[in-house]
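The values are calculated or read from the model by the stated rules, or taken from the named source; none is laboratory data. None of these values were measured; they are calculated from a predicted model. Here Cβ is always computed from backbone atoms with ideal geometry, including for glycine, and neighbour counts include all displayed protein chains. What goes into the accessible areas is simple: the full protein's heavy atoms, side chains included, and nothing from ligands, DNA or RNA. Shrake-Rupley method; radii C 1.70, N 1.55, O 1.52, S 1.80 Å.
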Amino acid sequence: MAEITLGQYYPENSIIHKLDPRVKLFGTLIFIIAIFSTNNIIGLLAIIIKISKVPFAKIIKGIKGILFLLVFTIVLNILFTPGTPIITFWIIKITKEGLITGGFLTFRLTFLVLSTSVLTLTTTPNDLSDGLEKSFAFLNKIHFPVHEMAMMMSLALRFIPTLVEETEKIKKAQMARGADFETGGLMQRVKSLIPLLVPLFVSSIRRALDLAMAMESRCYHGGNRTKLKPLVYKKKDKISYLVLVVFLCVILGAGFVTNNLVMFKFLSIKAS
């Protein structure tokens, strides 16, 4: 739980921190497209992390939260992807294609988490909420509750670190009373979580009720609300948009050329 970086903001005086949240949201979307379009983005991500001035150890913590998913993905692809067998043992068959596919999927999932970690670590939850609301404001024309959805996401991101801290406090309190969360079989460990989960749910519900009462007492009704610091594009934001659009065109163009070359080679081999 202590390794969760989602919702945690790392204050720093960097170019990325100063960018408009809408630019960072658009940049994250472009980077996700690049992740699933090309494999040559390691250097680009390293440059972004360097510019953001966020310690790499802080960003890499997000990987620990999905470590099980990464291992499960690569094992699943290694065992069930048909192809040229490398190792065969009883009914287990490890193929070359499985290793390659599992490696690529693990690589992409890892960079997906790293890119979103850079977004949340360089943007406060309030700015992220305002950026989402402004970016999807056009959906208000079809009566989609954009403001309410952005507020829900902002509150969720805001309370993730609080819930993590609350979980640690409850865990230490239960361990002081003799609870054991580390030993025993699978079912024993699941049963030992009950003294941890019940107080956590009660505390979360109580915190949600207090928050709802505070919002109602301040006459909060959502809708068209004014902002203390409204989002306004600056020169650096417009330049960033231009760079991102050019980068997207290069990625899509490179993917189009690569696909045509592969198709041309395939047709040439088939014709010969």
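Descriptive notes on the structure:
- Any hit, segment 50-68, residues being under 27 Å from Val250 (Cβ atoms), aliphatic (A, V, I, L, M), buried (at least 20 other Cβ atoms within 10 Å of the Cβ) and in contact with a helix residue (DSSP H, G or I) (Cβ under 7 Å, 6 or more places away or on another chain): yes
- A residue that is within 30 Å of Leu132 (Cα to Cα) and surrounded by fewer than 17 Cβ atoms within 10 Å (Cβ to Cβ) can be found somewhere in segment 69-88.
- Conditions (1) surrounded by 10 or more Cβ atoms within 10 Å (Cβ to Cβ); (2) at pLDDT below 80; (3) not in a helix (DSSP H, G or I); number of the one not met by Gly223: (1)
- Figure legend. Inter-residue proximity from segment 89-102: first residues over 11 Å from Leu76 (Cα atoms) and modelled with pLDDT under 80, second residues open to solvent by less than 100 Å² (accessible area, probe 1.4 Å) and among the hydroxyl-bearing types (Ser, Thr, Tyr), beta-carbon distance below 8 Å, spacing 6+ or different chains. Indicated pairs: Thr95/Thr81; Thr95/Thr84; Lys96/Thr84; Glu97/Thr81; Glu97/Thr84.
- Residue within segment 94-106 that is of a type in the set (S, T, N, Q) and more than 27 Å from Ala254 (Cβ to Cβ) present: yes
- Close pairs from segment 198-209: first closer than 18 Å to Pro161 by Cβ, partner modelled with pLDDT under 90 and open to solvent by 60 Å² or more (accessible area, probe 1.4 Å), Cβ under 9 Å, at least 6 apart: Leu200/Leu163; Ser203/Leu163; Ser204/Leu163; Arg207/Leu163
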